[in-house]
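Asker: The structure under discussion is supplied below as structure tokens; questions concerning it will follow.
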Amino acid sequence: MGVPARDVIILGSTGSVGRQAVEVVLRHPDRFRVVGLAAGGSQGERLARQVAQTGATLVAVPDERAADELAGWLRRLDLTGRRVLAGPRAATELAAQPCAIVLNAMPGFAGLEPTLAALAAGSRLALANKESLVAGGPLVQRMAAPDQIAPVDSEHSALAQALRGGRADEVARLVLTASGGPFRGWRRTDLSEVTAAQALAHPTWQMGRVITINSATLVNKGLELIEAVRLFDVAWDRIEVVVHPQSIVHSMVEFHDGSTLAQCSPPDMRLPIALALSWPDRMSQVIEPIRWADPQSWTFEPLDHDTFPAVGLARRVGLSSGTAPAVFNGANEVLVDAFCDGRIGFLDIVDRLTDLVDRHLAGAGFVADPDLDLAAIVAADAWARAEAARSVAEGERSL
């Protein structure tokens, strides 16, 4: 007699990771059953069609306008009996429903409260929303039971897999790999006139706007650095970033005896998604493996911290902890939008981010870990966004 299919809720279902998660679960109907979907509300037709494909009976959108649009598409598709949650906390309400697995692929800070709700409900959390652990790290860590979080990011999935090859006391360090983004090999002076179109042209991955720009500035690798420390409980001096442009080796674990275990696969997010859903088991035939008989070469090179200082800034933010990571994340989201809208330059993103972090750590509302709660994190995020927006506006007035 087979094991019953596990109920799954997918948050951020119309985004890149969410769409691939739907694809994975639909390929394995004997293992998973989608019971709920949440999305941002800008793609009502796609969300309705996902409801039709998956049979989800509970759907969450952020406001009544999105709910009305979704209801219209559900009627067109003759889908009845669906309950639609609407409002700013709709995704959190959905994540709190009894369920075996919640996959959180929501973008940005908005994913934190749904993460906390899923953990409180006792669900396994397949986590693609790195901001949950960056901004809310200590809260998330305190709430999560052992092995309750399964990482979806390819780098953290790789580390989780490689760490199974030895005991915790045998680990010397973790090595995060980075593609280097579209500007690998450029110098800082070359980046002053970079356009949004250039920054959005990632050489390996197809991702949403914010994460693609973050990959170009390497802010994304900084966020992943903070997330890795919190997921795997390693000291800051035992984790480093190296550039690997082929994006085949997704990360590595080095052991005390000098051996290193690397997780290698084609750059396809369906693999870490499937593993997070089925963790600690593997599913069959998720993607095509590497063709080992084909000629290929992999290269590794040091990160140019002078040109891309975001990783060093993230390390300082993570060491400070408290509300500093929430400021780092929140301000960056505003600055990325400003760059994409042509209001600031590419280099301004990390330069202004550094200034805001410095001001916060110097006393502008900083709250340390012992006093950290959700209200403090929300306040720090709001301060960061307001100050980032003010910085952008002041820069425009000075032109």
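What follows is calculated from the coordinates using simple rules that are stated; it is not laboratory data. Small disclaimer: the values here were computed from a predicted structure and weren't measured. All Cβ positions, glycine included, derive from the backbone under ideal geometry; neighbour counts span all protein chains shown.
Asker: Please report, in Å, the Rg and the Dmax of the chain, where both are computed over Cα atoms only.
Answerer: 20.8, 71
Asker: Dipole magnitude of segment 177-241 about its Cα centre, charges +1 at Lys/Arg Cβ and -1 at Asp/Glu Cβ only, in debye to the nearest 20?
Answerer: 140
Asker: Name the residue, out of A105, A379, A178, whose mean-square fluctuation peaks in a Gaussian network model built on the chain with Cα pairs under 10 Å.
Answerer: Highest fluctuation among the options: A379.
Asker: Here's a follow-up. When only Cα pairs under 8 Å and 6 or more residues apart are kept, what is the percent relative contact order across the chain?
Answerer: Relative contact order of the chain: 14 percent.
Asker: Go ahead and run the numbers for FRET between D169 and D341, Cβ-Cβ distance against an R0 of 56 Å, rounding to 0.05.
Answerer: Values: r = 50 Å, r/R0 = 0.88.
The computed FRET efficiency comes out at 0.70.
Asker: Which of A67, A91, A197 moves the most in a Gaussian network model of the chain with Cα springs under 10 Å?
Answerer: Of A67, A91, A197, the Gaussian network model singles out A197 as fluctuating most.
Asker: Another one. Extension gain S259-Q141, at 0.36 nm per residue separation less the Cα-Cα distance, in nm? Each step should come with its number before you reach the end.
Answerer: Working: separation 118, 0.36 × 118 = 42.48 nm, distance 2.95 nm.
The S259-Q141 span can extend by a further 39.5 nm.
Asker: Using Cα springs under 10 Å in a Gaussian network model of the chain, which residue among E193, E23, E227 shows the largest mean-square fluctuation?
Answerer: Looking only at E193, E23, E227, the biggest GNM fluctuation is shown by E193.
Asker: Using label points projected 7 Å from each Cα along Cα→Cβ, tell me how many nm separate I290 and D355, to one decimal.
Answerer: Between I290 and D355, the simple spin-label model gives 4.4 nm.
Asker: Once the other residues with Cβ under 15 Å from the Cβ of L347 are scored (Lys, Arg +1; Asp, Glu -1), what is the net sum?
Answerer: Residues close to L347 contribute a combined charge of -3.
Asker: Quick check for you: which residues of segment 275-307 have the amide N under 19 Å from the point 7 Å beyond the Cα of T189 toward its beta carbon?
Answerer: 304-307
Asker: Report the local net charge at R142: Lys and Arg +1, Asp and Glu -1, summed over other residues whose C-beta lies under 12 Å from its C-beta.
Answerer: -1
Asker: Treating the beta-carbon of each Lys and Arg as +1 and of each Asp and Glu as -1, no other charges, what is the dipole magnitude of the chain about its Cα centre, to the nearest 20 debye?
Answerer: For the chain, the charge dipole is close to 1000 debye.
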